[in-house]
Every structure is written in structure tokens, then in C-alpha cells.
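Visitor: What follows is a structure written as C-alpha cells; I'll ask about it next.
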């Protein structure tokens, strides 16, 4: 099918996306901040599905690490066709918007927006130079916080809103290159990032916070990512898919 890089692949949505793409026949570069047994397990699970797979490290917030990771992925797996921007961080601590420090702000924005932008740029340049018969795509995982305000983690909301615009910009720039650029906006997904507020969200969902009354699963997001990677939503460009169980659906 193609060769996919999935960042933040050792757990949660990244792991689910890597496995779903592997099941679809994609060779997988599973990328995370450092080599761990969890990342090794993801690679082993992909290999068991009959595809090639490699585990790579990259600090998305450190731009100097991007080129080596892309080189290593290409050397191990061949021509790259798909990038899934999943790696990201939450706020250092939830709290009053008036107490956010420059350090806390930079920590989130450097990874979720700045690093993601420049990795996408580097990947796009490579894809322009290596045309392929496969559908070429860039998929960015943002958040329902692109539009839903959460004042106790404002820097996170801003980073995801910026990444959403980034996706639209690259979609417009790369459309004539026949590269599909998409965005997935997950809502409350059962991952480690949600665990600190899990009890709160479970109560809210039971009270109608979402129209589908359950937590989202990483596999829900993964299925959407596979659909986009395969180019199964033709005549779309820069579209955002809201995988939020109806969280952001306006209701009266």
C-alpha cells in the first residue's frame, strides 16, 4: 500500500493508527521520543501482520532531529507515502489561564505546533521529489479543543488551533502536487493524556456531554486515519473529521 510514518506511536492513538495501517498493508515507521519496550512491541505487532516495520526516535520539538528520522525511515522501508502527525503533549499542569508561564507555553507550542509544522514541511518536500502511484497523504491529529474552549489548559487549545490552520495551509499548498492533507479532531479518547481527568469526563458523558455516550477509543481514530491514508474521501482538501462522539455538535 505505502510507507507510513506515525509519530507518538508507542501508545494510545499513535499505536492504534500504526497497527491499523499495518493491517491495511502499509510498512510502518513507528516514531517516538525514545526507544522503549512499548515501541518495540508496536514494531513486533506490525511485523506480525506481515509488513515491514521499524522503530525510530525523534524529538518533534527539536528540529535538528527531523532529517535523520526521515532518512532512517526511507532507508529502512523505501519511498515514504504517508505522514501521521500524532505526537503531542498536554499542559504541564492544568490551572488558571492567568497563571500560564512562558516556559509552560513554549513547552506545548514547541512540540504541538512548531515542531509539527517543520516536520510536515520537511516531509512534504521529500514527497514532492518522489512521486508515487500510491495515494500520498499527511494526516494531523489535533483535538476538539480546536474550537472547544478549555480555560484550564489554554496553551494546549492554542497549539491545536494552530495545527488545524497548519493542516489547511498545507492542503492548499500541496493540492496541485496531488498530496492529500487532512485533519482529525478527536474528542475525549481513552488514552493516557485523558487519565488525569477521566472520572470527570466519564461523569460528564453520562450526563450528555457527548451525543454518543461513551469514551472514544484509539481504534475509532485509527479507522478514520486509514480511510484518509487510502484516499477514500475523494474531492476533499484540508478537511477536518470530528471524531468526538458529538461533543462539538451544537444542541439547543
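Visitor: Averaging sequence separations of C-alpha pairs under 8 Å and six or more residues apart, then dividing by the length of the stretch 88-236, give the relative contact order as a whole percent.
Guide: 26
Visitor: Can you tell me the relative contact order of the chain? Whole percent, Cα pairs under 8 Å, sequence separation 6 or more.
Guide: Once divided by the residue count of the chain, the mean separation gives 19 percent.
Visitor: If the elastic network links every pair of Cα atoms under 10 Å, which of 81, 227, 120 fluctuates the most in the Gaussian network model of the chain?
Guide: 227
Visitor: State, as an integer percentage, the relative contact order of the stretch 1-81 based on alpha-carbon contacts under 8 Å between residues 6 or more apart.
Guide: 31
Visitor: Further question on the same structure: Could you calculate the FRET efficiency of residue 52 with residue 98 from 1/(1 + (r/R0)^6), where r is the beta carbon distance between them and R0 is 35 Å, rounded to 0.05?
Guide: 0.10
Visitor: If each of residue 106 and residue 248 carries a label point 7 Å out from its Cα toward its Cβ, how far apart are those two points in nm?
Guide: Rounded to a tenth, the inter-label distance reads 3.0 nm.
Visitor: Another question, if that's okay. At residue 130 and residue 206, where each label point lies 7 Å from the Cα along Cα→Cβ, what is the point-to-point distance in nanometres?
Guide: 5.1
Visitor: To make sure I understand, if each residue's beta carbon is the centre and we count other beta carbons within 10 Å, what order do 44, 168, 160 fall in, fewest to most?
Guide: 44, 168, 160
Visitor: Hey, fewest Cβ within 10 Å first, where do 58, 46 land in order?
Guide: By the 10 Å Cβ count, ascending: 58, 46.
Visitor: Sort 118, 107 by Cβ crowding within 10 Å, fewest neighbours at the top.
Guide: Going from sparsest to densest Cβ surroundings: 118, 107.
Visitor: For n ≥ 4 DSSP H runs only, could you compute -39500 (n - 2.57) per run for the chain, divide by its residues and tell me the 222 nm figure to the nearest 500?
Guide: Mean residue ellipticity at 222 nm (helix-derived): -12500 deg cm²/dmol.
Visitor: Shifting gears a bit: Under a no-solvent Debye model with one identical scatterer per Cα of the stretch 3-242, what's log10 I(q)/I(0) at q = 0.14, 0.18 Å⁻¹?
Guide: Those come out to -0.88, -1.45, one per q.
Visitor: Applying a 10 Å radius around every beta-carbon, put 65-74, 97-106 in order of their mean neighbour count, most first.
Guide: Ranking the peptides 65-74, 97-106 by packing returns 65-74, 97-106.
Visitor: Rounded to the nearest 0.05, what FRET efficiency do residue 71 and residue 35 give with R0 = 22 Å and r taken as the Cβ-Cβ distance? Could you check?
Guide: Efficiency for this residue pair is about 0.80.
Visitor: What FRET efficiency comes out for the pair residue 177/residue 233, r = Cβ-Cβ distance, R0 = 25 Å, nearest 0.05?
Guide: 0.90
Every read-out reported here was derived from the displayed coordinates using simple, explicitly stated rules and does not represent laboratory data. The shown structure was predicted, so the numbers you read here are calculated from the model rather than taken from an experiment. Every residue, glycine as well, gets a Cβ built from its backbone with ideal geometry; the counts of neighbours run over all protein chains shown.
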